[in-house]
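Notes follow the structure.
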Amino acid sequence: MDINYVGIGERIRSKRKELGITQNKLSEMIGLSEHYISKIERAVSKPSVETLAAISKVLNISLDYLITGKTINIENSETINKILGTLYLMDEKDRIFISKFLEFYKNNKK
């Protein structure tokens, strides 16, 4: 998957402005420089997952939305919740098998 850093920067800037947070305030909240926040928003710098997680927490947006621009509402998906519940009860060996099966299915679906 190619990461669209321009899109990430745009989503950060948009949400930050929506919340009335300056780059300076955001930088203080996550412990980075204002200059670095600016570089992330302009897609000049490629932030780490840890940095993106910190930003998503402060801006109260999901990490998946921040990275992809899409969000999956797992809370309202009965099917996904059933699958997750079943996976939770399995041992790690079975979860690995299911993961490989799903990857195979996704790649071979017609």
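The values are calculated or read from the model by the stated rules, or taken from the named source; none is laboratory data. These figures come from a predicted structure and were not determined experimentally. Don't worry about glycine lacking a Cβ; one is built from the backbone with ideal geometry, like all the others, and counts go over all protein chains shown. With ligands, DNA and RNA removed, areas are computed over all heavy atoms of the protein, side chains included. Shrake-Rupley method; radii C 1.70, N 1.55, O 1.52, S 1.80 Å.
Observations on the structure shown:
- Residues (exposed (fewer than 15 other Cβ atoms within 10 Å of the Cβ) and either outside any helix (DSSP H, G or I) or of a type in the set (Gly, Ala, Ser) (or both)) located in region 17-37: LEU19, GLY20, THR22, GLY31, SER33
- Any hit, region 87-107, residues being polar (S, T, N, Q) and outside any helix (DSSP H, G or I): no
- From ILE67, ILE8, ILE55, ILE40, residue being part of a helix (DSSP H, G or I), touching a Gly at 6+ places or on another chain (Cβ under 9 Å) and either more than 30 Å from LEU102 (Cα to Cα) or not aliphatic (A, V, I, L, M) (or both): ILE40
- Number of the exception - ARG95 against (1) open to solvent by 60 Å² or more (accessible area, probe 1.4 Å); (2) in contact with a helix residue (DSSP H, G or I) (Cβ under 7 Å, 6 or more places away or on another chain); (3) within 20 Å of TYR5 (Cα to Cα): (3)
- Long-range neighbours under 8 Å by Cβ, at least six apart or interchain, first residue closer than 14 Å to LYS15 by Cα and at pLDDT below 95 within region 41-59, second basic (Lys, Arg) and assigned to a helix (DSSP H, G or I): LEU59/LYS15; LEU59/ARG16
- If only residues of region 66-92 that are under 30 Å from LYS17 (Cβ atoms) and open to solvent by less than 80 Å² (accessible area, probe 1.4 Å) are counted, the one that is modelled with the lowest pLDDT is ILE74.
- Selection status of SER14, without any contact (Cβ under 8 Å) to a residue 12 or more places away in the chain and either surrounded by 14 or more Cβ atoms within 10 Å (Cβ to Cβ) or hydrophobic (A, V, I, L, M, F, W, C) (or both): no
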